[in-house]
Amino acid sequence: MAKRQQVSEKTDPTAFATEVFDLAPAAKLKDVFGVTDKDVLNQKMNDIIGLLWLPDAYSDTEKHARIVKATELFESLAPSDGAEAMLALQMVGTHSAAMECLRRAMIPGQLLPATDSNLRSAQKLMALFTRQMEAINRHRGKGQQKVTVEYVNVEPGAQAIVGTVETGRSRPNTSRQIHSAGNGEFEGTAIDISDARPVKRRKVKVPRP
């Protein structure tokens, strides 16, 4: 990695930007470019506003209400780092676009293809929002773990645990028996235990060869 450049008050901002923009701390960059915290806040607001559809027919009060609502949605996600902030901003835009597609789908008197197109777009956007929510939860360590058992190798004298699992969905319990393949090795069908919790476990002794 390149060595971080020293920032000087006499540094030319143009030259500085091309050399150490990605290395210098944000506080230093504020000084070099003459940017204040207020400027940064304004840019943040502009990013949010740019994601909204604000028709000219709306009054200033209606426009301001939409901006405030979008800002509240962003803050409610409480991003704690840069990755979460970017995801939260994208989620605000996705939600805004989905709601607009749904609104346009309900416009009376339009042709069926236009309604159908808006509904399909809304469906895609809402599915995208769900994936974004899953992504931010995984980043925060709240995502559910998915474990797939494909192969079990039991050494001579060891014990294999065969358990019964129950999923949270309305489907039969998942249970698999592991069979001997000889030479102390065991093979079994892949088990997908996503969203599963153990109910009962029993120990199975493996006879010594």
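The values are calculated or read from the model by the stated rules, or taken from the named source; none is laboratory data. Given the structure is predicted, the values throughout are model-derived calculations rather than measurements. In this analysis, Cβ positions are derived from the backbone assuming ideal geometry, glycine residues included, and neighbour counts consider all displayed protein chains.
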Residues that are farther than 30 Å from R104 by Cα, modelled with pLDDT of 60 or more and within 33 Å of the chain's Cα centre (by Cα): list the helices (runs of 4 or more DSSP H) wholly contained in segment 1-68 that include at least 2 such residues. 26-33, 37-49
Can you tell me how many residues in segment 54-98 are out of contact with any helix residue (DSSP H, G or I) (no Cβ under 7 Å at 6 or more places or on another chain) and either touching a residue at least 60 places away in the same chain (Cβ under 8 Å) or loosely packed, with under 15 Cβ neighbours inside 10 Å (or both)? 20
Of the candidates P172, P108, the one satisfying the condition of being modelled with pLDDT of 65 or more and farther than 28 Å from L87 by Cα is P108
